[in-house]
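Structure, as structure tokens:
The values are calculated or read from the model by the stated rules, or taken from the named source; none is laboratory data. These numbers come from a predicted model, not from an experiment. Please note: Cβ atoms are built from the backbone with ideal geometry, for glycine as well, and neighbour counts cover all protein chains shown.
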Amino acid sequence: MECYSLLRADVPALIDHLGKFGEVVAPHRKGDVSYSFESVLDSSQVVLDYNRTLLPLKKLFLPPVEKLMDFSLKNMSFDPVELTTQPRVFFGVHSYEMQSILRLDHSMLSGNAESNYFKRRKNSRFVGISFEPDDFHFSESVGIAIEEMEGFDLFLNEIDDDFQLYVLSDNGRSLIQGFKQIRTVEAELSGKREFKKKIRYHYNRLPRIFQYAYKSKVWADVAEKCVGCGACTLTCPTCFCFDVTDEVSVTAEDGLRQRTWDSCMLSTFAEVAGGENFREKTINRTRHRLYRKFKYITDEEGLPWCVGCGRCTAFCPAGISLPDIVNELIQEDEKAQYHHTVRV
Amino acid sequence: MKPQVAFFDFTSCEGCQLNKLNLENDLLDILKHVDIVEFREAMDDKADHYDIAFIEGSISSPSCVERIHDIRRRSDILVALGSCAVNGGINAMKNLHPIDEVRETVYGKDKYLFATLPAMAVSSVVKVDYEVRGCPMNQQDFLKLLIALVLGKQAPKYNSPVCVECKLKENECLYNRGMVCLGPVTRGGCDALCPSFGQFCTGCRGILSNPNLDGMLEIMTNHGISLDEAKKRMLLFNSNEVQL
Amino acid sequence: MKRLQDVKAKEARDLYYPTMCKVVGARQITDLEKWYELQMPAGQDLGHEPGQFVEVSAFGIGEAPISISSSPSKKGSFELCIRQVGTLTNVLKRYEQGDMIGIRGPFGKGYPIEKLLGKDILIIAGGIGLVPLRSLINYVLDNRKDFGRLIILYGAKSPAELLFKEEIAIWETRDDVELHITVDQPDESWTGNTGVITTLIPGLDLNLNTTIAAITGPPIMYKFVIMSLKSKQLNDDQIYVSLERRMKCGVGKCGHCQINGVYCCQDGPVFNYTDIKPLEEAL
């Protein structure tokens, strides 16, 4: 693997250099204790050590609110939105985040491939960065190492406070072409970083757990604490559900149709015009959320649809922990297995 | 002919009416759709029939009851405007205390001179067709309803929590800033105005239907306030809606 | 897993733009239901299968999934029948001949006609369930020799709520259609069957090996009808149901119509009963 050393102090210069390719998006401070992906205006403001951004990178491919068309009520006609996209470099992306984009690709491009998503996704370059897991990260448990480099063009691995820069694709190579503040070194993949939060089983054993967990008592325990605010799903990097609404201007002559992120945790999500609600109780909705992550798509694609970023847990006001739920289901399953095993 | 529209105020601070006058940019567009025939804050005129009557304030005295019945009779569509009208709002806090005690506190020895009732939502007295929630009522919300009525479209209903709009705007959660916020169980539609400016949600748009109130109280007490204080916060705008 | 590099630029499409269709016929057929005949631009056909649906669009209001009520054998136009229960459908009732309505679709899976050929077709329609089933009925009637018996069970709340009365009158006169109608709440003039639709099933004389049942109705109806059919010894794979869910996009993206792991808008709305029987959220 092509590998260079890069001093921490030279990272802003690298970010400036990446700007030659296009718009650079990177993590920035937000509020008191949070982070968000923003367009880089001043490379010294980019944060290299962060736990997770409030919203996932998804927001830049599938925006929280997106105009689909303008329409005229007078003429009963509409104007399509002509989306033009510029080249973008996403800098300082964690491995689980990259993996979530690859999963989102499948969700938005399989079956009916969506053009707006496709256009935003094309001409994107990704520069990864290693991270120190906090109390909420558990991506290793879903098969994503900190140094997982799939999908990245470049990757910055922090070693002794400075970085090793790995070149992972031709696109990556051309991104750093002409950048002088690096020198060739031998790659040493650090293995010192430990995850504090873990799911007890290997992820390939989880589909079996979920096969028998549908009527588990755990769902009712979760529903007792859950207030249905939707924070878990709205901040989830692999969730992609949306609603479509029409907004009419004050003149009542024209307006626009837009789509907005929606959440299956909201009580109205599965309600039809006649009033029937197909997932009326919180218990049904919390279960649906986890089955979406570990069973339904997983059965077809062989991968958990959770990347272990820890957002749903870190941002849940009620402190509901996704890995804890999974661990409780595992424990319940073990009890059932134990109970039914003949002991000799 | 354009719909004849009127505005009336009951027990309230009239802030909602002022909020409408602040719609300077859109007022002229609104007047293309409707004729405003009664609006105490802006003009002086009377009519026998209204296509749409907007009601601000809660119903809290026998004379209020009489007046709202009279307005209902003259109106095709009646809209409750703002928290006080929609669910009694802040005024309904008085309902948590014995009415006699409340009268004595406010009027002292003259308490028998002033008839009073528990502060009620307009809908507990007459049929309300639509509502615009919030304290004060949200301007955009009001405009959307007006457009919906002009187009014959059903008014937007808000039964998703404030958290949704907060998340879409990528606001830092106020719980992460050590505050206790009612966003998780409060009806959205306000574009998460308060949390966006660092102010916790006080629940002015009312509590969601089928809320998990015990879960919410647990969240609040887990974030450092007493159960008593948590209940008080939840009741601030929702004394008539929430049983704690 | 689908990867970005596997997708060609021309495969990625604008999925959310409607085609503007002209209303060439519109009639209120009951207090709640209105019938529309629509024409695609430039004389195109919609190209649907019986049982599929479209997303109907009214600017300023939004979109709603609506079943196609005409048979694909009818060329030049297609028909919808819309019950006024929601925001959009209440506005649609104002649309008259000459107006334009936005249409996306057809979407989903309809009835697998090739599997139905040569079979006896047992239609079981509750209330507005007749709307999508009318597409199948008329397809069978237009290709009558390709199918065995056509048995239609139709239940409505009251005689006033019966849909497509003129067509029903024609079906009644045909000797190649076996029609049984029932209402829950009869009026003075009603002389037919009274009771829920399941009461029509025990009396049927079905050819067990050749019958295919197609059921559409309110959510509560399915369990009971399927129970009755099972007691007539019909196999699970001889039963098709069409399910209603909230569908915003119609193209398997928005997530609203999910029934456990299945997208109603992609894998349905018409399902073979064997495919949804294991799904807890289906019926």
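Tell me the helices (runs of 4 or more DSSP H) entirely within region A:76-184 that contain at least 1 residues that are surrounded by fewer than 23 Cβ atoms within 10 Å (Cβ to Cβ) and within 11 Å of chain C (Cβ to nearest Cβ).
Here the list reads A:95-109, A:115-121.
Would you confirm whether or not region C:108-130 contains a residue that is among the basic types (Lys, Arg), assigned to a loop (DSSP other than H, G, I, E, B), buried (at least 17 other Cβ atoms within 10 Å of the Cβ) and touching a Ser or Thr at 6+ places or on another chain (Cβ under 9 Å)?
Narrowing region C:108-130 to residues among the basic types (Lys, Arg): C:109, C:115, C:119.
Checking which are assigned to a loop (DSSP other than H, G, I, E, B) leaves us with C:119.
From the residues that got through so far, the ones that are buried (at least 17 other Cβ atoms within 10 Å of the Cβ) too are C:119.
Next, from what is left, pick out any that are touching a Ser or Thr at 6+ places or on another chain (Cβ under 9 Å): C:119.
The answer is yes, given that some residue of region C:108-130 is among the basic types (Lys, Arg), assigned to a loop (DSSP other than H, G, I, E, B), buried (at least 17 other Cβ atoms within 10 Å of the Cβ) and touching a Ser or Thr at 6+ places or on another chain (Cβ under 9 Å).
Any chance you could count how many residues in region B:218-244 are surrounded by fewer than 20 Cβ atoms within 10 Å (Cβ to Cβ), hydroxyl-bearing (Ser, Thr, Tyr) and away from chain A (no Cβ under 14 Å)?
Adding up the residues that qualify gives 1.
Please state which of the following conditions A:Asp49 fails to meet, knowing it meets all the rest: (1) of a type in the set (Asp, Glu); (2) within 14 Å of another protein chain (Cβ to nearest Cβ); (3) farther than 30 Å from B:Ala148 by Cα.
(2)
Just the residues that are facing chain A (nearest Cβ under 8 Å), farther than 24 Å from B:Asp214 by Cβ and outside any loop (DSSP other than H, G, I, E, B), please, taken from region B:163-175.
Residue satisfying the conditions is B:Leu168 alone.
If only one of A:Thr286, A:Thr235, A:Thr268 is within 10 Å of chain C (Cβ to nearest Cβ), within 19 Å of B:Cys163 (Cα to Cα) and among the β-branched types (Val, Ile, Thr), which one is it?
Exactly one of A:Thr286, A:Thr235, A:Thr268 is within 10 Å of chain C (Cβ to nearest Cβ), within 19 Å of B:Cys163 (Cα to Cα) and among the β-branched types (Val, Ile, Thr), namely A:Thr268.
I'm checking my understanding of the structure. Among residues of region A:289-317 that are of a type in the set (Gly, Ala, Ser) and under 17 Å from the mean Cα position of the chain (by Cα), which one is farthest from the other protein chains (Cβ to nearest Cβ)? Let's see the steps before the verdict.
Filtering region A:289-317 for residues of a type in the set (Gly, Ala, Ser) gives A:302, A:308, A:310, A:314.
When the remaining residues are screened for being under 17 Å from the mean Cα position of the chain (by Cα), the result is A:308, A:310, A:314.
Details: A:Gly308: 18, A:Gly310: 14, A:Ala314: 9 Å.
The extreme case among them is A:Gly308.
Buried (at least 19 other Cβ atoms within 10 Å of the Cβ), part of a helix (DSSP H, G or I), within 10 Å of another protein chain (Cβ to nearest Cβ) and at pLDDT below 95, is that true of B:Lys144?
Details: buried (at least 19 other Cβ atoms within 10 Å of the Cβ): yes; part of a helix (DSSP H, G or I): yes; within 10 Å of another protein chain (Cβ to nearest Cβ): yes; at pLDDT below 95: yes.
Against the criterion (buried (at least 19 other Cβ atoms within 10 Å of the Cβ), part of a helix (DSSP H, G or I), within 10 Å of another protein chain (Cβ to nearest Cβ) and at pLDDT below 95), B:Lys144 qualifies.
Just to be sure I understand, how many residues within region B:1-42 are of a type in the set (Gly, Ala, Ser) and in a strand (DSSP E or B)?
1
With respect to B:Cys13, determine if the residue is within 17 Å of the chain's Cα centre (by Cα) and surrounded by fewer than 18 Cβ atoms within 10 Å (Cβ to Cβ).
Yes.
Do we have B:Val126 as over 26 Å from B:Gln199 (Cα atoms), touching a residue at least 12 places away in the same chain (Cβ under 8 Å) and within 14 Å of chain A (Cβ to nearest Cβ) here?
Numbers: over 26 Å from B:Gln199 (Cα atoms): yes; touching a residue at least 12 places away in the same chain (Cβ under 8 Å): yes; within 14 Å of chain A (Cβ to nearest Cβ): no.
Taking the combined requirement at face value, the residue does not satisfy it.
Kindly indicate the residue of region B:193-217 that is crowded, with 22+ Cβ neighbours inside 10 Å and of a type in the set (A, V, I, L, M, F, W, C) and also farthest from the other protein chains (Cβ to nearest Cβ) among those meeting that condition.
Among those that are crowded, with 22+ Cβ neighbours inside 10 Å and of a type in the set (A, V, I, L, M, F, W, C), it is B:Cys204.
Among the residues of region B:176-185, is there at least one that is within 11 Å of chain A (Cβ to nearest Cβ), touching a strand residue (DSSP E or B) at 6+ places or on another chain (Cβ under 7 Å), modelled with pLDDT of 95 or more and over 16 Å from A:Leu266 (Cβ atoms)?
If we filter region B:176-185 for residues that are within 11 Å of chain A (Cβ to nearest Cβ), which is where we start, we get B:176-185.
Cutting the leftovers down to touching a strand residue (DSSP E or B) at 6+ places or on another chain (Cβ under 7 Å) gives us B:176, B:183-185.
From the residues that got through so far, the ones that are modelled with pLDDT of 95 or more too are B:183-185.
When the remaining residues are screened for being over 16 Å from A:Leu266 (Cβ atoms), the result is none.
Within region B:176-185, none of the residues are within 11 Å of chain A (Cβ to nearest Cβ), touching a strand residue (DSSP E or B) at 6+ places or on another chain (Cβ under 7 Å), modelled with pLDDT of 95 or more and over 16 Å from A:Leu266 (Cβ atoms).
As an exercise: evaluate C:Lys145 against (1) touching a strand residue (DSSP E or B) at 6+ places or on another chain (Cβ under 8 Å); (2) surrounded by fewer than 13 Cβ atoms within 10 Å (Cβ to Cβ) and give the number of the one condition it does not meet.
(1)
Which members of region A:247-278 meet the condition of being touching a Ser or Thr at 6+ places or on another chain (Cβ under 9 Å), surrounded by fewer than 22 Cβ atoms within 10 Å (Cβ to Cβ) and among the charged types (D, E, K, R)?
A:Glu253, A:Asp254 - these are the residues of region A:247-278 that are touching a Ser or Thr at 6+ places or on another chain (Cβ under 9 Å), surrounded by fewer than 22 Cβ atoms within 10 Å (Cβ to Cβ) and among the charged types (D, E, K, R).
Output the residues belonging to region B:149-162 that are of a type in the set (Gly, Ala, Ser), touching a residue at least 24 places away in the same chain (Cβ under 8 Å) and within 7 Å of another protein chain (Cβ to nearest Cβ).
The answer is B:Ser160, and nothing else.
Take A:Leu54 and tell me if it is surrounded by fewer than 20 Cβ atoms within 10 Å (Cβ to Cβ), farther than 30 Å from C:Ala58 by Cβ and either hydrophobic (A, V, I, L, M, F, W, C) or not assigned by TED's automatic domain parsing to the domain that holds A:Thr233 (or both).
Answer is no for this residue.
Which of (1) more than 20 Å from the chain's Cα centre (by Cα); (2) polar (S, T, N, Q); (3) farther than 28 Å from B:Cys201 by Cα is the odd one out, the single condition A:Thr268 does not satisfy?
It fails just one condition, (3).
Give the residue that is nearest to the other protein chains (Cβ to nearest Cβ), with candidates limited to residues of region A:52-75 that are in a loop (DSSP other than H, G, I, E, B) and under 18 Å from B:Leu151 (Cβ atoms).
Going through the qualifying residues, I end up with A:Leu73.
Enumerate the strands (runs of 3 or more DSSP E) found wholly within region C:185-283, keeping only those where 2 or more residues are surrounded by fewer than 23 Cβ atoms within 10 Å (Cβ to Cβ) and within 11 Å of chain A (Cβ to nearest Cβ).
none
Looking at region C:232-283, which of its residues are basic (Lys, Arg), farther than 23 Å from A:Cys241 by Cβ and outside the structural domain of C:Leu206 (by TED's automatic domain parsing)?
As a first pass, look at region C:232-283 and keep what is basic (Lys, Arg): C:232, C:245-246, C:248, C:253, C:277.
Among the residues that remain, those that are also farther than 23 Å from A:Cys241 by Cβ are: C:232, C:277.
C:Lys277 - this is the single residue of region C:232-283 that is basic (Lys, Arg), farther than 23 Å from A:Cys241 by Cβ and outside the structural domain of C:Leu206 (by TED's automatic domain parsing).
Working only within region B:147-186, note down all residues that are farther than 20 Å from B:Lys20 by Cα, surrounded by fewer than 24 Cβ atoms within 10 Å (Cβ to Cβ) and touching a Phe, Trp or Tyr at 6+ places or on another chain (Cβ under 7 Å).
Answer for region B:147-186, where residues must be farther than 20 Å from B:Lys20 by Cα, surrounded by fewer than 24 Cβ atoms within 10 Å (Cβ to Cβ) and touching a Phe, Trp or Tyr at 6+ places or on another chain (Cβ under 7 Å): B:Leu168, B:Leu174, B:Met179, B:Val180.
Looking only at residues in region C:24-51 that are surrounded by 18 or more Cβ atoms within 10 Å (Cβ to Cβ) and within 14 Å of chain A (Cβ to nearest Cβ), which one is modelled with the highest pLDDT?
That would be C:Leu38.
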